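Each reported figure results from applying straightforward, stated rules to the coordinates on display, with no laboratory input. In this text, all values refer to a predicted model and were calculated from it rather than measured experimentally. All Cβ positions, even for glycine, are placed from backbone atoms using ideal geometry, and neighbour counts span all protein chains on display.
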C-alpha cells in the first residue's frame, strides 16, 4: 500500500479515514499472526519439564527467616522477580532496570485471583532491603536470598515461575534478557505510539526523532528530564515522600 504524505518530516503521513483504516487493517493481519504465535509459544511453555528445588531453603523477610515454600502463601503457583542489588548503595543507586520491573508489579490482585502468588527476591542484606522497600512504598512481599543458591537465589534481573505440590517446589520457567518485558506494561504501550521507546535500535522511518541508547529514560533529574548524572535517580523515586532535589540519595558510580 502506497500512502502519500502531506505531513512535515518526522510525522506520520496525513490521510483520510478510509485510507487510514485500510492501512490499519493490513497491519492487523500481522498483529493477529503475532498473537497466535504468542499463544503457541505459551502452549509450548506449559509443556516444559520442571526441576525440583529445595522448598525449605531459608529466605529472609520482614518476619525473619522463612522457608521459600511460604512465599506461595498457600497457593499452588508463584511468580518471582529477582531484583538486582548493589551492596551499600543508597536508594538512588539501586538498579534502575529492576526498579522499572518492580514498579510495574506493585499490585498482584489479578495474579492472586488466578491462584498465583507474587514475590520479589534480591541478594541484598535484609537490613538494607527493608528501608528501600519502605521508601518505594512497595506492598508486594520482598525477601533477601543472600547466599541462597540458584534457582531461588543466584543471578538476578529476571522472572521465574514455580509450582508447588504440598511441600515440594518445582522451577517451571525463567526468562532471560528482554523476557522481563511482559511484566513492564509501559513498553507495550510505548510500542503503540508513533515514536515508540525513543531508542536508537528501533526501526523507524527517515526523519523520525533520533533515538538514544536503550533505557535512557529510566533515570531522571528532579524536573523529570532523563539524566544519568550523579544526582539523578530511577524515575519512580521522585514520586516518593521526601525525595527532594536537595537530597542526593545515591553515590557516584552507583549507576550502570
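Observations on the structure shown:
- Counting all C-alpha pairs of segment 15-108, share separated by more than 21 Å (%): 65
- Label point of residue 34 set 7 angstrom out along Cα-Cβ; within segment 195-226, amide nitrogens under 15 Å from it belong to 195-198, 202-205.
- Degrees separating the helix 126-136 axis from the principal Cα axis of the chain, which is the longest one: 40
- Going from the residue with the fewest nearby Cβ atoms within 10 Å to the one with the most, 129, 79 rank 79, 129.
- In range of the label at residue 188: residues from segment 52-79 whose backbone nitrogen is under 19 Å from the point 7 Å along Cα→Cβ: 79
- Going from the fewest other Cβ atoms within 10 Å to the most, the residues 162, 135 appear in the order 135, 162.
- Each label was represented as a point 7 Å from its Cα along the Cα-to-Cβ direction; for residue 46 and residue 109 these points are 2.7 nm apart.
- Degrees separating the helix 17-46 axis from the principal Cα axis of the chain, which is the longest one: 30
- The order of the peptides 83-89, 164-170 by mean Cβ neighbours within 10 Å, most packed first, is 83-89, 164-170.
- Summed over all non-identical Cα pairs, the Kirkwood treatment of segment 114-256 gives a radius of 18.2 Å.
- Calculated translational diffusion coefficient of the chain (10 °C, 1.306 mPa s; Stokes-Einstein with Kirkwood radius over alpha-carbon pairs) equals 76 µm²/s.
- Using R0 = 35 Å, the C-beta based FRET efficiency linking residue 168 and residue 135 works out to 0.45.
- Net lengthening on full extension, residue 238/residue 212 (0.36 nm per residue, minus Cα-Cα): 7.1 nm
- Bridge type composition, segment 63-175 - antiparallel percent by DSSP, nearest 5: 55
- Taking every alpha-carbon pair in segment 51-180 and binning the separations at 10 Å intervals from zero gives 13, 49, 34, 4, 0 percent.
- Convex hull volume of the Cα atoms of segment 31-74, normalised per residue: 122 Å³.
- Of all DSSP-defined beta bridges confined to the chain, some 70% are antiparallel rather than parallel.
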